[in-house]
Amino acid sequence: MKEAGMVAGILGLDAVTKYLAAKKLPLGGRKEIVKNRFYLRHIKNAGMAYNLGEEHPKGVLAATGAMISYGFWKLFRLKREKDPAALWMAVLLGGALGNFLERLCFGRVTDFLYVKIKKAPIFNIADVAIALGALGILAVSGVKKDKSS
């Protein structure tokens, strides 16, 4: 049950922050938050990070839809096995679903967070959840339960 709450919570947080970014910052707009380091920059992205796949939006949608389907299947298996990776998979899926649904409904994704680092993409909360979920899965993937206790 906590995994469903995690997916829903991230999906909601992503939707609210994208809505606020679009409402408060015009498309193409930029606002400095931390001098010379962190900005809000409102863009729309038809592809994935670095506009990868932008010329094939239906392919991006199909590929991400297939990966999300596999992710939910994997989440149910992890949960059944009481694997600690289940919660991290839920984090990842919350983000993936946020971007997928926006892409499905509007054909592109709202990105608005920018950290000034060489060649860094502009991203959103869903992207953060995807990255954190993947890192969390990697971190716990080597953890096995001690069956002798």
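Bear in mind that the values in this text are calculations on the coordinates, not laboratory data. Since this is a predicted model, take the numbers as computed values, not measurements. Every residue, glycine among them, receives a Cβ derived from its backbone with ideal geometry; neighbour counts consider all protein chains shown.
Placing unit charges on each Cβ (+1 for Lys and Arg, -1 for Asp and Glu) gives the chain a dipole about its Cα centre, and among V128, W73, A8 the Cα reaching farthest toward its positive end belongs to V128.
Projecting the Cα positions of P57, L113, S141 onto the charge dipole of the range 49-149 (unit charges on Cβ atoms of Lys, Arg, Asp and Glu, taken about the Cα centre) puts S141 furthest along the positive direction. Cβ crowding within 10 Å, taken as a proxy for footprinting-reagent exposure, orders W88, W73 from fewest neighbours to most as W73, W88.
Each of M6, M89, M48 has some number of other Cβ atoms within 10 Å of its Cβ, and from fewest to most they run M48, M6, M89.
Kyte-Doolittle cut-off 1.0, length cut-off 27 Å along the helix's own axis using Cα: show which whole DSSP H helices in the chain pass.
On the way: long enough: 2-24 (32 Å, 0.41); 57-80 (34 Å, 0.24); 85-106 (31 Å, 1.39).
Correct list, ordered by number: 85-106.
For the chain, set up a Gaussian network in which alpha carbons nearer than 10 Å are linked by springs, and say which option among K44, K35, K24 fluctuates the most. With Cα springs under 10 Å in the chain, the top fluctuation among K44, K35, K24 is at K35.
Multiplying the residue separation of L135 and K58 by 0.36 nm and subtracting their alpha-carbon distance yields 25.0 nm.
Per-residue ellipticity at 222 nm for the chain, helices alone: DSSP H runs ≥ 4 residues times -39500 (n - 2.57), over residue total, nearest 500 deg cm²/dmol? Intermediate results must be reported in sequence, preceding the final value.
On the way: 4 runs with 85 residues, N = 149.
Computed mean residue ellipticity for the chain: -20000 deg cm²/dmol.
When the C-alpha to C-alpha distance is required to be over 30 Å, the pairs from K79/K116; K82/K118; K2/K35; K24/K116; K31/K119; K79/K119 that qualify are K79/K116; K82/K118; K2/K35; K79/K119. Springs between alpha-carbon atoms under 10 Å, Gaussian network over the chain: tell me which of G133, G65, G29 tops the mean-square fluctuations. Maximum fluctuation in the GNM of the chain, among the listed residues, is at G29.
With Cα atoms defining each centre, the range 68-120 and the range 1-46 are spaced 15 Å apart in the structure. A simple count of charges around K58, restricted to other residues whose Cβ falls under 14 Å of its Cβ and scoring Lys, Arg +1 and Asp, Glu -1, yields 0. Summing Lys and Arg as +1 and Asp and Glu as -1 over all other residues whose Cβ lies under 15 Å from the Cβ of W88 gives a net charge of +2. With mean projected area of the Cα convex hull in nm² defined as stated, name the option among (1) 9.2; (2) 12.1; (3) 10.4 computed from the structure displayed. Of the listed options (1) 9.2; (2) 12.1; (3) 10.4, (3) comes from this structure.
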